[in-house]
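These notes are about the structure you will find just below.
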């Protein structure tokens, strides 16, 4: 007789071969990372990307009690506006229990063709972040985690048609992220300050944490992201695991 967490499954090895086995069904807990190239891991082997490493660590830690499903629908070059255009399928339809969102490095950028306007205005950026958080919660996220972006070394040349550098814009948008996190109650991972601490403490030099484009993360940069994000995500998963009612998989329509 099967237990409450077991089901009978038939495995077919050809038209005339059939056997029955017992498959353990563990409670599922879905963790979604929703971001841009920093979460995707542009320019780095997949197994070294901080998001993938978090997924592997969570799976190992909880493998005997829960099916930790980590998904990463992050896309290179995405702004928060572009993210909202795809959030319905990429996030909402899957109803994650935990949502980690990371945007801003594209939103703050200024293209020559935009004549001095950032790709996403500061007001729109704040509104978009709030909507991402609200939509995540409305579709089942018990915990929402949001991160600032790391410092870059793009400090020498002004962006097109404005009187400030890329890094100045990055810092302005990080301030917006902190404000939105505080106002919304989302948990903040302040990567900007984490990078600054590592540099100030002599653990790293900033350019070593970045690729040659002065923006995307080097393998060492992914190490710093992992070290700062994993304890927060791990604690979020642990808190939901303790409350078994929170990890019952809601119906996905």
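The values are calculated or read from the model by the stated rules, or taken from the named source; none is laboratory data. Computed from a prediction, not measured in an experiment: that's the story for all the values here. For neighbour counting, all protein chains shown are included, and Cβ atoms are generated from backbone atoms with ideal geometry for every residue, glycine included.
Side notes on the structure shown:
- From 149, 106, residue being in contact (Cβ under 8 Å) with a residue 60 or more places away in the chain, crowded, with 17+ Cβ neighbours inside 10 Å and within 11 Å of residue 177 (Cβ to Cβ): 149
- Residue within region 28-37 that is closer than 30 Å to residue 164 by Cβ, buried (at least 22 other Cβ atoms within 10 Å of the Cβ), at pLDDT 95 or above and in contact with a helix residue (DSSP H, G or I) (Cβ under 7 Å, 6 or more places away or on another chain) present: yes
- Residue count for region 188-209 satisfying the condition of being touching a helix residue (DSSP H, G or I) at 6+ places or on another chain (Cβ under 6 Å), outside any helix (DSSP H, G or I) and under 16 Å from residue 105 (Cβ atoms): 1.
- Candidate set: region 70-94, residues that are in a loop (DSSP other than H, G, I, E, B) and in contact with a strand residue (DSSP E or B) (Cβ under 7 Å, 6 or more places away or on another chain); chosen: the one nearest to residue 36 (Cα to Cα): 74
- Test: residue 113 is modelled with pLDDT of 95 or more, closer than 17 Å to residue 29 by Cα, out of contact with any strand residue (DSSP E or B) (no Cβ under 8 Å at 6 or more places or on another chain) and part of a helix (DSSP H, G or I): no
- Evaluation of residue 69 against (1) crowded, with 17+ Cβ neighbours inside 10 Å; (2) under 23 Å from residue 223 (Cβ atoms); (3) touching a residue at least 24 places away in the same chain (Cβ under 8 Å); (4) under 16 Å from the mean Cα position of the chain (by Cα) (one fails), failing number: (2)
- Residue match in region 50-62 (condition: in a loop (DSSP other than H, G, I, E, B), modelled with pLDDT of 95 or more and on the phi < 0 side of the Ramachandran plot): no
- Check on residue 129, in a helix (DSSP H, G or I) and modelled with pLDDT of 95 or more: yes
- Qualifying residue in region 193-208 (condition: closer than 29 Å to residue 139 by Cα, surrounded by fewer than 17 Cβ atoms within 10 Å (Cβ to Cβ) and modelled with pLDDT of 95 or more): no
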